[in-house]
Amino acid sequence: MTLESRLSPPPPALTPAFMLVIAGFITSLLVANIIAVKLIEVGPWIMPAGVIIFPVSYILGDVLTEVYGYRRARQVIWLGFACNLLAVLAIALAQALPPAGFWDGQAAFERILGYAPRLLLASFLAYLAGEFANAYILARMKILTRGRWLWTRTIGSTLVGQLLDSAVFIAVAFAGVLPPEALLTAILVQWLAKSAYETAATPLTYWVVNTLKRREGVDVYDAQTDFNPLRFQE
């Protein structure tokens, strides 16, 4: 079977399985951003608690691109960005509204859910850079490998995407605050932890991808896709 004969159009946008993947992607993203305020200690390394679930968004991003193609993944990435922005604005508004006179949790609310503008900028830029790099590399590698060796695409795209995500976030958020050596260490620790997480999840990714391809009857190859991340129309 030739590659051209396996090219598939994008699937219907709102199949139940597609909606479930979208929900998982956005939920993991939002939860990661909320719990990231807590720092956890794993052996000698200190990381934000968001590392518990944030890699799930990359796993589901791989599923989106591998099964439904880059165009659908691009839509979901921007949808995730919009949902995250809405959550941030809602939290900021709730923080700004005057608390009830008997409620004594305002300081705790602000400490846990408050966002510094610099950290917000770092988070948004890192998300877009990492997710789009991940989707682009996976889609390109799928063409190059002619759909074989899924593990090379999921791990390869993750290594690049997570490196960009970690580097952009740490650099924008903490440059000038931490010394260069500490910045580099923080980037490497987050990158390795997140990449190891997805590598360990490779068998699960295989199962989800194969199940969706079989049930949805779709396996998109992005041979003629415009990879411009700012292209919003099909």
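A short reminder: the numbers here are calculations on the coordinates, not readings from a lab. Model, not experiment: these values are computed from the prediction. Here the Cβ is made from the backbone with ideal geometry for all residues, glycine too, and neighbour counts use every protein chain on show.
How much length, in nm to one decimal, is gained on full extension between Ala23 and Thr199, taken as 0.36 nm per residue of separation minus their Cα-Cα distance?
61.1 nm
Can you run phi through the Karplus equation (6.51, -1.76, 1.60; θ = phi - 60°) for the range 218-229 and list ³J(HN,Hα) in whole Hz, with x for Gly and Pro?
Karplus values, whole Hz, x for Gly and Pro: 9, 7, 6, 10, 8, 5, 10, 7, 7, 8, 4, x.
How do the peptides 14-23, 191-200, 40-49 rank, highest first, by the average count of neighbouring beta carbon atoms within 10 Å per residue?
Sorting 14-23, 191-200, 40-49 by mean packing, highest first, produces 191-200, 14-23, 40-49.
Considering the dipole of the chain built from charges on the beta carbon (Lys and Arg +1, Asp and Glu -1) around the Cα centre, which of Ile46, Leu79, Phe227 is farthest to its positive end?
Going by the Cα projections, it comes out as Phe227.
Taking the 0 to 90 degree range and rounding to the nearest ten, how far is the long axis of helix 180-200 tilted relative to the main principal axis of the chain, both from C-alpha atoms?
Tilt relative to the chain: about 50 degrees.
Among Leu164, Leu178, Leu150, determine the one that fluctuates most according to a GNM of the chain built with springs between C-alpha atoms less than 10 Å apart.
Among Leu164, Leu178, Leu150, the largest mean-square fluctuation in the Gaussian network model of the chain belongs to Leu178.
What full-extension length gain, to one decimal in nm, is calculated for Glu41 and Ile143 as 0.36 nm per residue of separation minus the Cα-Cα distance?
This chain segment gains 32.7 nm when fully extended.
Taking the Cα atoms only, what angle lies between the long axis of helix 16-35 and the longest principal axis of the chain, rounded to 10 degrees?
Once rounded, the angle reads 30 degrees.
Below 8 Å between Cα atoms, with a sequence gap of 6+, how large is the relative contact order for the range 4-216 in percent?
Once normalised by length, the contact order is 23 percent.
Using a 10 angstrom cutoff on alpha carbons, build the Gaussian network for the chain and name the most mobile of Gly105, Gly130, Gly217.
Gly105
For the range 110-116, take each phi angle, set θ = phi - 60°, evaluate the Karplus expression 6.51 cos²θ - 1.76 cosθ + 1.60, and give the result in whole Hz per residue in order, putting x for glycine and proline.
After applying 6.51 cos²θ - 1.76 cosθ + 1.60, I find 5, 5, 7, 9, x, 10, 6 Hz.
Which one, Gln106, Gln95, Gln75, has the greatest fluctuation when you compute a Gaussian network model over the chain with C-alpha springs under 10 angstrom?
Gln106
Given N residues in the range 4-216, what is its alpha carbon radius of gyration divided by 2.2 N^0.38 Å?
In units of the globular-protein estimate, the range 4-216 measures up at 1.10.
If the chain between Ala87 and Arg111 were fully stretched, how many nm would it gain, using 0.36 nm times the residue separation less the Cα-Cα distance?
Stretched fully, the Ala87-Arg111 segment lengthens by 7.0 nm.
Please name whichever of Val172, Ile59, Thr27 sits farthest to the positive end of the charge dipole of the chain, dipole taken about the Cα centre and charges placed at Cβ: Lys and Arg +1, Asp and Glu -1.
Final value for the positive-end residue is Ile59.
Can you find, among Tyr127, Ala94, Thr185, the residue farthest towards the positive end of the dipole of the chain? Put +1 on the C-beta of Lys and Arg, -1 on that of Asp and Glu.
Most positive-ward Cα: Tyr127.
Apply the Karplus parameterisation 6.51 cos²θ - 1.76 cosθ + 1.60, with θ equal to phi minus 60°, to every residue of the range 67-77 and state each ³J(HN,Hα) to the nearest whole Hz, in sequence, with x for glycine and proline.
Working through the residues one at a time gives 8, 9, x, 4, 4, 5, 4, 4, 4, 5, 4 Hz.
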